[in-house]
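Engineer: Quick one: the structure is below, questions incoming.
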Amino acid sequence: MAPPRLAPLKVRRDAAGGVRIAGAPDRSPLVARAGTALTELTRRAAADGARPVDVQPVVQVSDAGRYRAWRLNRERIWRAQGDAWGTGTWPEAIAPDHLAAVLLPLAPAAAANPGDPASHLVAEPLFSTGTRADGAGAEDMALGLIAQWLRLAVAGPALLVAAPVLELVGDRTTNGRRTLDLGLRWPMAGTGRHAA
């Protein structure tokens with residue numbers, strides 16, 4: 001058995017000149033919370049008489065430099081779709097060391113292009129902002145939203161959930177969009193087919 005691999009540490013100076021050492025954030029509690037909610041959603045979707053809704057969460061994450069344009073574009077998309085959702089409760093701007101993210105619960109086929117006017121939401125979106133302090137990044141932001149959304153979704157209609165997609169706003173490369181399986185077993189494939 002290989003020895004455990006330690007996470008990289010970051011050394012930073014604070015405003016007073018002191019040195020802080022920080023490692024990567026511990027994601028395990030959020031993954032456990034997401035796993036518990038996903039298990040319950042899967043159980044409810046398999047119950048007799050259940051009519052589950054297929055959904056694939058897409059989490060779009062923006063840095064401060066792209067935030068305003070992204071926020072305006074998201075508002076335009078929702079208005080064009082005639083959805084009840086909007087960005088009116090989102091801040092006008094975010095601090096330079098912050099990230100903003102929205103979880104868009106889409107039908108799996110629509111998750112391939114969440115900016116498409118035909119990509120209507122199948123459930124309520126969830127928005128959040130957070131700091132990059134202590135090494136937190138886009139994946140940490142996405143994981144927090146996914147865990148929270150799954151927890152809230154347990155109280156709603158039965159869902160079959162595909163692994164979430166992380167989309168970095170403004171990054172048009174293949175690295176800017178990827179699936180986050182989080183080491184969990186998702187009951188649906190992202191194409192709308194049930195996972196084996």
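Engineer: Could you identify the single residue in VAL61, VAL55 that is assigned to a strand (DSSP E or B), under 19 Å from LEU152 (Cα atoms), modelled with pLDDT of 90 or more and not aromatic (Phe, Trp, Tyr)? Give the derivation first.
Structural biologist: Working: VAL61 fails: under 19 Å from LEU152 (Cα atoms).
Step by step, each of VAL61, VAL55 is checked, and only VAL55 is assigned to a strand (DSSP E or B), under 19 Å from LEU152 (Cα atoms), modelled with pLDDT of 90 or more and not aromatic (Phe, Trp, Tyr).
Engineer: Okay, moving on. What is the residue count in the range 117-153 for residues that are farther than 13 Å from ARG27 by Cα and part of a loop (DSSP other than H, G, I, E, B)?
Structural biologist: 9
Engineer: Return yes when LEU152 is at pLDDT below 90 and of a type in the set (A, V, I, L, M, F, W, C) and no when it is not. Working first, answer last.
Structural biologist: Working: at pLDDT below 90: no; of a type in the set (A, V, I, L, M, F, W, C): yes.
Taking the combined requirement at face value, the residue does not satisfy it.
Engineer: Still on this structure, I have one more. Of the residues in the range 122-136, how many are over 16 Å from LEU166 (Cβ atoms), of a type in the set (A, V, I, L, M, F, W, C) and modelled with pLDDT of 85 or more?
Structural biologist: Step one: filter the range 122-136 for residues over 16 Å from LEU166 (Cβ atoms), giving 122-124, 129, 131, 133-135.
With the extra rule that they be of a type in the set (A, V, I, L, M, F, W, C), the set shrinks to 122-123, 133.
So of that shortlist, the ones also modelled with pLDDT of 85 or more come out as 122-123.
Of the residues in that region, 2 qualify.
Engineer: Further, regarding this structure: So how many residues does the range 125-144 have that are more than 12 Å from the chain's Cα centre (by Cα) and crowded, with 17+ Cβ neighbours inside 10 Å?
Structural biologist: 3
Engineer: Also: Against the condition loosely packed, with under 15 Cβ neighbours inside 10 Å, outside any strand (DSSP E or B), free of Cβ contacts under 8 Å to residues at least 60 places away in the same chain and of a type in the set (Lys, Arg), how does ARG43 come out, does it pass?
Structural biologist: Working: loosely packed, with under 15 Cβ neighbours inside 10 Å: yes; outside any strand (DSSP E or B): yes; free of Cβ contacts under 8 Å to residues at least 60 places away in the same chain: yes; of a type in the set (Lys, Arg): yes.
When the stated conditions are applied, ARG43 passes them.
Engineer: I would also like to ask the following. Among the numbered criteria (1) in a strand (DSSP E or B); (2) free of Cβ contacts under 8 Å to residues at least 40 places away in the same chain, which single criterion is violated by GLY156?
Structural biologist: (1)
Engineer: Given the criteria at pLDDT below 95, crowded, with 18+ Cβ neighbours inside 10 Å and closer than 27 Å to LEU159 by Cα, does ARG79 qualify?
Structural biologist: On the way: at pLDDT below 95: yes; crowded, with 18+ Cβ neighbours inside 10 Å: no; closer than 27 Å to LEU159 by Cα: yes.
No: the conditions fail for ARG79.
Engineer: Taking the range 64-98, which residues are in contact with a His (Cβ under 8 Å, 6 or more places away or on another chain) and not hydrophobic (A, V, I, L, M, F, W, C)?
Structural biologist: Pass one, the range 64-98, residues in contact with a His (Cβ under 8 Å, 6 or more places away or on another chain): 64, 81, 83.
Once the filter is applied, which keeps residues that are in contact with a His (Cβ under 8 Å, 6 or more places away or on another chain) and not hydrophobic (A, V, I, L, M, F, W, C), the range 64-98 yields GLN81, ASP83.
Engineer: Take PRO91 and tell me if it is part of a loop (DSSP other than H, G, I, E, B), surrounded by 18 or more Cβ atoms within 10 Å (Cβ to Cβ), touching a Ser or Thr at 6+ places or on another chain (Cβ under 9 Å) and touching a residue at least 12 places away in the same chain (Cβ under 8 Å).
Structural biologist: Values: part of a loop (DSSP other than H, G, I, E, B): yes; surrounded by 18 or more Cβ atoms within 10 Å (Cβ to Cβ): no; touching a Ser or Thr at 6+ places or on another chain (Cβ under 9 Å): yes; touching a residue at least 12 places away in the same chain (Cβ under 8 Å): yes.
The answer is no for PRO91.
Engineer: Given the structure, is ALA32 of a type in the set (A, V, I, L, M), in contact with a His (Cβ under 9 Å, 6 or more places away or on another chain) and under 21 Å from LEU166 (Cα atoms)? Walk me through it before giving the result.
Structural biologist: Values: of a type in the set (A, V, I, L, M): yes; in contact with a His (Cβ under 9 Å, 6 or more places away or on another chain): no; under 21 Å from LEU166 (Cα atoms): yes.
Taking the combined requirement at face value, the residue does not satisfy it.
The values are calculated or read from the model by the stated rules, or taken from the named source; none is laboratory data. Just so we're clear, the structure is a prediction, and the values are computed from it rather than from any experiment. In this analysis, Cβ positions are derived from the backbone assuming ideal geometry, glycine residues included, and neighbour counts consider all displayed protein chains.
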